[in-house]
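Rule-based calculations on the coordinates, nothing more; no lab input. These figures come from a predicted structure and were not determined experimentally. Virtual Cβ from ideal backbone geometry, glycine too; neighbours counted across all protein chains shown.
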Amino acid sequence: MAKEKDMGITVKKEDDLPEWYEQVCLRAELAEFSKVKGCMIIRPNGYAIWSAIQKYFDENINKPTGVRNSYFPLFIPESFFRKEAEHAKGFTPEVAWLDKDVTGEGERLAIRPTSETIMYDSFSRWIRSYRDLPLKINQWCNVVRWETEATKLFLRSREFLWQEGHCVYETEEECRKEAINYINLYAKLCEELLALPVLVGQKTEKEKFAGARTTYTIEAFMPDGKALQCGTSHELSQGFAKSFGIKFLGKDEKTHMPWQNSWGLSTRLIGAIVMAHSDNKGLVLPPRVAEHKLVIIPIIIGKDNAKILEKAKELKAQLAGFNPLLDDRDEYTPGWKYNEWEMKGIPLRIEIGPKDIAKEQVVLVRRDTGEKDFVKEKELNDKITKALDAMHDSLLKKARKSLKDMIVFAKNWGDLVKGIRERKLVKAAFCGETECEDWIKDKSGGASSRCIPFDEKVTEEDKCVYCKKPAKYIIYFSKSY
């Protein structure tokens, strides 16, 4: 039997966040390392979170916007991949290839790093008329990026899971409007489902997606002072349509090229919520992504064992809507069980013993705060619902405060360097020039531009924090994953 000390976190979040993070992912049984270098195994506890994200996504993003799910091949002919030069150039260092000597094909096959090229080949056959537009396709799949940097569970791996949406429109205005709408829907998903506040904005020319005209992003900020890109949406303009011969007969009976966007988020979101919400006891799960909302732990004492177990089973049936767990193992103490389920992030715990049965009540404990509430059985369903909502709101409020407290404004270069050194998210005026951006990254010790927020405007007095030229944007800088 495992000893209680063997399952706890051995380092504190505030002392060694990378080691703490890895231990939480492993000991909460979210994932484990694969024997294949740079890859991971997503365990059922981790995949349940991804399933909750998929469910929310399909109900709240796909259906309201008319997007339909589909699936395209994992293997992409090299000739497809080379059709859009800027896109190909941007992805070439990360692409894993199957040589034609292996495949028996006339050309090499790329293992999917993203699906623009193979999807757009099909779009060129599917689209004939303006009546075929807009075409809105999404797929849930795996992608491979042959990363050479150190990998990290959920946050950076050679293979990961994601969704990628690809839409085609008759007009540029509609395309841009929806590209922005998707990034705002991503931000809503993060807050409503994951209790995770994010910054929303536009990427610089240097940081935008290869092949895009404009890239929009949501950025979370982690406790170690690094930004985490959690989702992106891209205006692709007409470049891919031109490369793949996508065209349509318009209302004017003339041939036109359509406008396209693409957008995606990944299992990186799981890493974000682990790092943002969890504590030194282990995983803290936002209730709305928890597969099991609560665990029932009977306090078994002597002659009352059978009676207590019977009541616990009744409660499990009564609370079936919350998909509860019942821990009736007799080889572990209640305290050991409390620690285990706290480690695994179950949002609520119900304790029930002989005194509780006599009073027709239970003890309800919140994972995030440890608060205990004595609840009458007849009020239990309502109290659990309210406790889960309160926990979500509390996690979101705490995370918002943390994000706000980490933002500093740099009036000059010294302020920016100081902010980056102190692991802050630095907001500053910026000229928008790629050369200047390269200098900032080099001279600051690795800080990159994260996003140009939608709601920040420059004034005539604002000067670039580095080169002192007139500023075009207010922008966030930080180190990143």
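Observations on the structure shown:
- Within straight-line cross-link reach of residue 55, aspartates and glutamates at Cα separation under 18 Å, skipping those fewer than 8 residues along the same chain: 164, 191, 192, 291
- According to the Kirkwood relation over distinct C-alpha pairs, the hydrodynamic radius of segment 343-411 is 14.0 Å.
- Pairwise Cα distances in segment 350-481 exceed 27 Å in 46 percent of cases.
- Binning all Cα-Cα separations of the chain at 20 Å, short to long from zero, yields these whole-percent fractions: 21, 48, 26, 5, 0.
- Each Lys and Arg Cβ is given +1 and each Asp and Glu Cβ -1; about its Cα centre, the chain then shows a dipole of about 420 debye.
- Reachable lysines, given that their alpha-carbon falls under 19 Å from the alpha-carbon of residue 386 and they are not under 8 places away in the same chain: 293, 316, 372, 376, 378, 397, 398
- Stretchable slack from residue 68 to residue 467, in nm (0.36 nm times residue separation minus alpha-carbon distance): 139.0 nm
- Each of the peptides 179-191, 284-296 was scored by the mean count of other Cβ atoms within 10 Å over its residues; in descending order, highest first, they stand as 284-296, 179-191.
- Backbone amide hydrogens, once placed in the peptide plane, bring residue 69 within less than 5 Å of 138, excluding anything fewer than 5 places away on its chain.
- A simple packing score, the average count of other Cβ atoms within 10 Å per residue, orders the peptides 76-82, 255-261 as 255-261, 76-82, with the highest score first.
- Given their separation in residues at 0.36 nm each and the Cα-Cα distance between them, residue 443 and residue 401 gain 12.2 nm when the chain is fully extended.
- Label-to-label distance for residue 173 and residue 306 is 7.7 nm, based on points extended 7 Å past Cα in the beta-carbon direction.
- Kirkwood-Stokes translational diffusion coefficient of segment 278-417, alpha-carbon pairs, 37 °C, 0.692 mPa s, µm²/s: 199 µm²/s
- Taken over segment 8-160, the alpha-carbon convex hull comes to 165 cubic angstrom per residue.
- Stretching residue 205 away from residue 99 to a fully extended chain increases their span by 34.8 nm, per 0.36 nm per residue minus the current alpha-carbon distance.
- Straight Cα distances below 19 angstrom link residue 206 to the aspartates and glutamates 84, 86, 94, 219, 235, 433, 435, 437, 438, 442, with same-chain residues fewer than 8 positions distant left out.
- Nitroxide proxy distance, nm - points 7 Å out along Cα→Cβ at residue 390 and residue 313: 3.2 nm
- Taking 0.692 mPa s as the viscosity and 37 °C as the temperature, the Stokes-Einstein diffusion coefficient of segment 4-277 based on its alpha-carbon Kirkwood radius rounds to 165 µm²/s.
- CD proxy at 222 nm, helix term only [per DSSP H run n ≥ 4: -39500 (n - 2.57); per residue of the chain; nearest 500]: -10500 deg cm²/dmol
- Listed peptides 355-367, 219-231 appear in the order 219-231, 355-367 once ranked by packing, highest mean of other Cβ atoms within 10 Å at the front.
- Whole-number D in µm² s⁻¹ for segment 134-203, Kirkwood Cα-pair radius fed into Stokes-Einstein, 10 °C, 1.306 mPa s: 109 µm²/s
- Label-point separation, residue 254 to residue 281 (7 Å along Cα→Cβ), nm: 6.8 nm
- Applying 1/(1 + (r/R0)^6) with r as the Cβ-Cβ distance of residue 333 and residue 12 and R0 = 22 angstrom yields a FRET efficiency of 0.30.
- Proximity of backbone amide H atoms, modeled 1.01 Å from N, is registered between residue 213 and 235, 236, 237 at under 5 Å, excluding neighbours fewer than 5 places apart on the same chain.
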